[in-house]
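Q: Handing you a structure now.
The values are calculated or read from the model by the stated rules, or taken from the named source; none is laboratory data. Note that the coordinates shown come from a computational prediction; the quantities given were computed from them, not determined experimentally. We place every Cβ from the backbone using ideal geometry, glycine too, and count neighbours over all the protein chains shown. For accessibility, only protein heavy atoms count, side chains too; no ligands or nucleic acids. Shrake-Rupley method; radii C 1.70, N 1.55, O 1.52, S 1.80 Å.
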Amino acid sequence: LTVQTTLDYEIEKKAEDVVTTEVEKLKVFKVGNGSAIVMDARTGAILAMVGSHDYFDTDHEGNFNAALARRQPGSSLKPIMYSVAFERGYTPASLIMDLKTEFPTNVPGQPTYIPVNYDEKFRGPVQLRFALGNSLNIPAIKMLSRVGIKPVMQKAYDMGIDNWKPTDENLRNVGLSLVLGGREATLLQEATAYSVFADRGIKHDPYAIVEVKDSNGKTLYKHQGASGNKVISSEIAFLISHILLDDVARFDAFGRYSLLNIPGKTVSVKTGTTDSKRDNWAVGFTPSYVVGVWVGNNDNTPMNPK
């Protein structure tokens, strides 16, 4: 068979080099593995997929495709919840109170849920633009309680997070911590979801095979390019994308001119970190490309808190 894939060899080699180099530098922080995905935001074509820092190093977390492993996403999927909020009439300028808040669990024996921000500070009234840009936890949980867990899970599922399908069983196993990493996702799913924001609200299923021919040149399979499905409005996709590229909106968490700014490019980006630093995520996108990265350890051991 002759198989044509979506792989862009130059991008793949670059991605492999970056993952290998960065994981090597991060070993002092107890980072054992990393993965990366590059997608064409307008088609869903997978241009590069790096599953581990060294596939052949089976003694040190190689030979494993971390890009397809379900991991806790931390706060990396908060933008999906905010897109539902914007559908309900909220705007980036809407105010929400960032104060200590107790959420009853309604489960016998379970203590009241009292979330905290990453820096354990409270900021009082804050606009949603800055709540998302700085990835504040308390405003996100408050907004989730307003718009509802099921609509957010449905939106995530529509955008490509298959593990968030709002079945009765899945809904019983999640709570308001959903937007802090309460349900697993894969790096490929995250890249797919962010491609929706990148392509004006249109979801394209990821694919890796373009065409397959037999030894006689007969076409056995050919990918049929589809126009995709509209899952959020172009206006909401723009609002989320604009917040995530706004260096001012995230300065409280990252400072001005952080590494999230790419010189000469306009890139929207969202990070995510799980409890005990078991996973670190970042997904960045332009209207043309989506790049997702993850670092952590295959056995889920924590990384260095610093």
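Q: Give me the orientation-averaged projected area of the Cα convex hull of segment 9-69, in nm², one decimal.
A: 4.5
Q: So how much slack lies between Gln154 and Val267, counting 0.36 nm per residue of separation and subtracting their Cα-Cα distance, in nm?
A: Value of the extension gain: 38.0 nm.
Q: Counting pairs of Cα atoms in segment 1-115, how many percent are more than 19 Å apart? Don't skip to the end; give the middle numbers.
A: Values: 4449 of 6555 pairs.
I get 68 percent for the Cα pairs in segment 1-115 exceeding 19 Å.
Q: Counting just the Cα atoms, what span does segment 157-251 cover along each of its three principal axes? Round to the nearest Å and put the largest first.
A: That gives 57, 37, 22 Å along the principal axes, largest extent first.
Q: Give the long-range amide H neighbours of Glu211: residues separated by 5 or more places, or on another chain, with amide H under 5 Å away, using H modelled in the peptide plane at 1.01 Å from N.
A: Gln4, His223
Q: Follow-up. What is the helix-to-structure angle for 234-245, meaning the angle in degrees between its Cα long axis and the longest Cα principal axis of the chain, kept from 0 to 90 and rounded to the nearest 10?
A: Taking the Cα atoms of the chain, the angle to 234-245 is about 80 degrees.
Q: For segment 36-188, what is the Kirkwood hydrodynamic radius in Å, using each pair of distinct C-alpha atoms?
A: After inverting the pairwise mean of 1/r, the radius is 17.2 Å.
Q: If you build a Gaussian network model of the chain, linking Cα atoms that sit under 10 Å apart, which residue out of Thr20, Thr273, Thr167 swings the most?
A: Thr167
Q: Hey, can you grab everything whose amide H is under 5 Å from the amide H of Ser76? Only 5+ residues off in sequence or another chain; H modelled, so Pro and N-termini drop out.
A: Thr273
Q: To continue, here is another question. Probe radius 1.4 Å, ligands and nucleic acids ignored: give me the carbon and sulfur share of the accessible area of segment 261-303 as a rounded percent.
A: Solvent-exposed carbon and sulfur of segment 261-303 make up 53 percent of the total.
Q: Could you work out the equivalent-ellipsoid semi-axes for segment 108-214, taking the square root of 5 times each eigenvalue of the Cα gyration tensor, largest first, in whole Å?
A: So the equivalent ellipsoid measures 31, 19, 12 Å along its semi-axes.
Q: Write down the accessible area per residue of the chain in Å², having rolled a 1.4 Å probe over the full set of protein chains. Each step should come with its number before you reach the end.
A: Working: 15350 Å² over 306 residues.
Computed with neighbouring chains in place, this is 50 Å² per residue.
Q: With N set to the residue count of the chain, report its C-alpha Rg divided by 2.2 N^0.38 Å to two decimal places. Each step should come with its number before you reach the end.
A: On the way: Rg = 19.7 Å, N = 306, 2.2 N^0.38 = 19.4 Å.
For the chain, the normalised Cα radius of gyration comes out at 1.02.
Q: Please state the relative contact order of the chain as a whole percent: Cα pairs under 8 Å, 6+ residues apart?
A: 26
Q: In deg cm²/dmol and to the nearest 500, what is the mean residue ellipticity at 222 nm of the chain if only DSSP H runs of at least 4 residues count, each as -39500 (n - 2.57), divided by the residue total?
A: That calculation yields -8000 deg cm²/dmol at 222 nm.
Q: Restricting to Cα atoms and excluding each atom paired with itself, what does the Kirkwood estimate give for segment 139-197 in Å?
A: Result for segment 139-197, one decimal place: 11.6 Å.
Q: Students often get this wrong: which residues of segment 106-147 have the backbone nitrogen under 13 Å from the point 7 angstrom along Cα-to-C-beta of Leu95?
A: Counting only backbone N, you get 124-128.
Q: Ordered by residue, what ³J(HN,Hα) values in Hz, to whole numbers, does segment 295-306 give under the Karplus form 6.51 cos²θ - 1.76 cosθ + 1.60, where θ = phi - 60° and Gly and Pro are x?
A: Going residue by residue, I get 9, x, 10, 4, 8, 6, 6, x, 8, 5, x, 7 Hz, with x marking Gly and Pro.
Q: Using alpha carbon centroids, what distance separates segment 214-279 and segment 10-42, in Å?
A: Cα centres, segment 214-279 to segment 10-42: 17 Å.
Q: OK, next. What does the highest-first list of 257-265, 185-193 look like by mean Cβ count within 10 Å?
A: Listed from highest to lowest mean packing, they are 185-193, 257-265.
Q: Sticking with this structure for a sec: Modelled label-to-label distance, Leu171 and Lys25, 7 Å Cα→beta-carbon offset: nm?
A: In this crude spin-label approximation the distance works out to 4.6 nm.
Q: Now for a different question. Taking the dipole about the Cα centre of segment 207-272, with the C-beta of Lys and Arg at +1 and of Asp and Glu at -1, give me whichever of Val269, Tyr207, Ile236 is farthest to the positive side.
A: It is Tyr207, whose Cα lies furthest towards the positive end.
Q: Report, to two decimal places, the Cα Rg of segment 192-306 normalised by 2.2 N^0.38 Å (N = number of residues).
A: Working: Rg = 18.6 Å, N = 115, 2.2 N^0.38 = 13.4 Å.
Here the Cα radius of gyration is 1.39 times the empirical estimate.
Q: For segment 104-121, what does the Karplus curve 6.51 cos²θ - 1.76 cosθ + 1.60, with θ = phi - 60°, yield as ³J(HN,Hα) per residue in whole Hz, taken in order and with x for Gly and Pro?
A: For segment 104-121, the Karplus curve yields x, 8, 6, 10, x, x, 8, x, 4, 7, 10, x, 10, 7, 4, 9, 6, 9 Hz.
Q: Taking 7 Å along the Cα-to-C-beta vector as the label spot, tell me the Glu184-Ala208 distance in nanometres, rounded to one decimal.
A: So the label points at Glu184 and Ala208 sit 1.9 nm apart.
Q: Let me ask another. Just order 210-217, 93-100, 47-54 by mean Cβ neighbour count inside 10 Å, highest at the front, would you?
A: 47-54, 93-100, 210-217
Q: Once phi is turned into ³J(HN,Hα) by the Karplus curve 6.51 cos²θ - 1.76 cosθ + 1.60 with θ = phi - 60°, what whole-Hz value does each residue of segment 142-159 show in order, with x for glycine and proline?
A: 4, 5, 4, 5, 7, 8, x, 5, 4, x, 5, 5, 5, 5, 4, 4, 4, 8
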